[in-house]
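Visitor: Take a look at this one; I'll ask things after.
The values are calculated or read from the model by the stated rules, or taken from the named source; none is laboratory data. Only a predicted model underlies this, so the values are computations on that prediction, with no experimental measurement involved. Cβ placement follows ideal geometry from the backbone for every residue including glycine, while neighbour counts extend to all protein chains displayed. With ligands, DNA and RNA removed, areas are computed over all heavy atoms of the protein, side chains included. Shrake-Rupley method; radii C 1.70, N 1.55, O 1.52, S 1.80 Å.
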Amino acid sequence: PEEFQRREAAWRGLFELVERTDTNEMFDRKWADSVFQSAARALRDEYYARNKGPLYEAIKNLVPGQQGEKRYAEIGAALGMTEPAIKNAVHRLRQRQGELIREEVAATVETPQQLEEELQYLIELLSR
């Protein structure tokens with residue numbers, strides 16, 4: 001019975017550790033999602049404020065260097081823009097998105113070093 005109790009206590013401790021780790025990671029993932037959602041809303045608002053809502057909607061899911069569902073040329077034709085202009089717009093959108101994410105995280109830390117650490121953690125968390 002004593003050996004059984006020791007093993008049971010060890011398993012309980014391990015289970016609690018795993019549960020806490022999962023809970024912490026789940027909280028961090030929710031935080032990361034919140035950061036990305038907030039940055040996405042701010043980015044969308046910026047485009048719409050400049051009367052560029054249709055451009056935003058057309059390119060928001062494109063990734064530089066990859067073809068989206070529509071080709072850059074098709075999107076350009078639909079918006080009266082050239083393919084290089086669309087590629088440039090996608091690049092600028094992603095760049096601004098990164099800046100907004102950085103601003104969101106910066107609001108939660110006190111030093112530039114903490115900012116870099118949090119951004120690195122965010123990247124690691126999302127790559128798992």
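Visitor: Could you identify the single residue in 41, 96 that is assigned to a helix (DSSP H, G or I) and open to solvent by 90 Å² or more (accessible area, probe 1.4 Å)? Walk me through how you get there before you give the answer.
Guide: Details: 96 fails: open to solvent by 90 Å² or more (accessible area, probe 1.4 Å).
Of 41, 96, the one residue that is assigned to a helix (DSSP H, G or I) and open to solvent by 90 Å² or more (accessible area, probe 1.4 Å) is 41.
Visitor: Another one. Does residue 35 satisfy the condition of being modelled with pLDDT of 90 or more, over 21 Å from residue 124 (Cβ atoms) and among the β-branched types (Val, Ile, Thr)?
Guide: Criteria not met by residue 35.
Visitor: Take the residues in region 54-96 that are over 24 Å from residue 38 (Cβ atoms) and among the hydroxyl-bearing types (Ser, Thr, Tyr), then tell me which one is modelled with the highest pLDDT. Break it down stepwise before answering.
Guide: The initial filter retains those residues of region 54-96 that are over 24 Å from residue 38 (Cβ atoms), namely 65-67, 69-88.
Imposing the further condition that a residue be among the hydroxyl-bearing types (Ser, Thr, Tyr) reduces the set to 72, 82.
Numbers: 72: 88, 82: 93.
Checked region 54-96; the qualifying residue modelled with the highest pLDDT is 82.
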